[in-house]
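The values are calculated or read from the model by the stated rules, or taken from the named source; none is laboratory data. For clarity, every value in this text was computed on a predicted model and none was experimentally measured. Here the Cβ positions follow ideal geometry from the backbone for every residue, glycine too, while neighbour counts run over all protein chains shown. We work out accessible area using only protein heavy atoms, side chains counted, and drop any ligands, DNA or RNA first. Shrake-Rupley method; radii C 1.70, N 1.55, O 1.52, S 1.80 Å.
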Amino acid sequence: MSILKGWPIQMRLNSNMNPSQLAKAFYYNAIENNTEDVVFDNLMDVRQIYYGNQNLSDFFNNRDVVQTDKEKILSDMTETFIPEVKQFIQTIYDFRKMNKMLSIIHEYEILHDHENRTVVAKVTTAVPLQKEQEEKLKEVFSKRFNAKKILLNKVQNNEIIGGVVVEIEDTVFDGSIRTNLEKLKRQMTK
C-alpha cells in the first residue's frame with residue numbers, strides 16, 4: 001500500500017509519472033477507498049467514450065480550443081462518475097496527459113484483472129457462439145489459467161471457416177478448420 005495513505009489522490013500524483021505509474025497510484029488509492037470495482041467500471045466507460053470519439057485526445061491537447069469548451073466536455077464526460085474518478089481525470093487533464101488516458105486505463109485494467117484473477121480471452125469464430133459454448137469455454141479456460149473470471153472478447157471472422165481460435169495472454173489455441181486444412185495440405189505435400 002501507499003505510504004501516503006489518507007492523502008488526496010492529487011497529492012500522490014505528479015506530471016512526470018508515466019501511464020503505468022499513474023494507473024498504479026490510482027489503483028492503490030481505489031483499494032484504500034474500497035472503490036476499485038466502481039473505478040474500474042467508470043474507466044471502462046471512459047474507454048468507450050474514447051473509442052467512440054477518436055479525436056478526443058487531440059481535442060483536449062489542442063491549444064486552439066478554448067479552455068471552457070474543454071472543461072465542458074470533461075464535465076459532461078465524467079458527469080455520472082464517482083467523485084474519485086472525476087478527480088483523477090481532472091488531474092490527468094491538468095497534467096495535459098489526456099492523450100495518455102487509454103494507456104492509463106489499460107494499465108489499471110491489468111492491475112485490476114491480475115488482482116481479481118480475471119483473464120481476457122479473444123475468441124474468434126466463423127459464426128456466433130451459442131451461450132452453452134461460451135460457458136464451456138469459460139469453464140475450460142478458467143481451470144487451465146486458474147482464473148476466477150474469464151471475459152470473452154468475441155470476434156467473428158469467416159476466414160477461419162469453422163472451429164474456434166482462442167488467444168489468452170501470450171498463448172493461442174487454434175482449433176480452426178482453416179488451420180487444420182492447412183496442416184493436412186502440408187502433410188500431403190511432403
In the range 72-113, the GluC sites (Glu not before Pro) that sit in a DSSP loop and have at most 15 other Cβ atoms within 10 Å of their own Cβ are Glu79
Taking the dipole about the Cα centre of the chain, with the C-beta of Lys and Arg at +1 and of Asp and Glu at -1, give me whichever of Leu181, Ala23, Ile73 is farthest to the positive side.
-> Leu181
Of the beta bridges DSSP finds with both residues in the chain, what % are antiparallel, to the nearest 5?
-> 60
Where does the chain land at 222 nm, in deg cm²/dmol rounded to the nearest 500, when only DSSP H runs of n ≥ 4 count, each adding -39500 (n - 2.57), divided by all residues?
-> -17000 deg cm²/dmol
Percent accessible area from carbon and sulfur atoms, the chain, protein chains only, probe 1.4 Å | 49
Gap separating the Cα centres of the range 136-174 and the range 91-115, nearest whole Å = 26
The lysines whose Cα lies under 19 Å from the Cα of Lys72, excluding any fewer than 8 residues away in the same chain, are Lys86, Lys97
Anything over 18 Å Cα to Cα? Flag those among Lys131/Lys154; Lys122/Lys154; Lys154/Lys185, in the order listed.
-> Lys154/Lys185
Just flag the trypsin sites (Lys or Arg not before Pro) in the range 10-71 sitting in loop per DSSP whose Cβ has no more than 13 other Cβ atoms within 10 Å.
-> Arg63
Cα long-axis angle, helix 67-78 against the chain (0 to 90 degrees, to the nearest 10) = 50
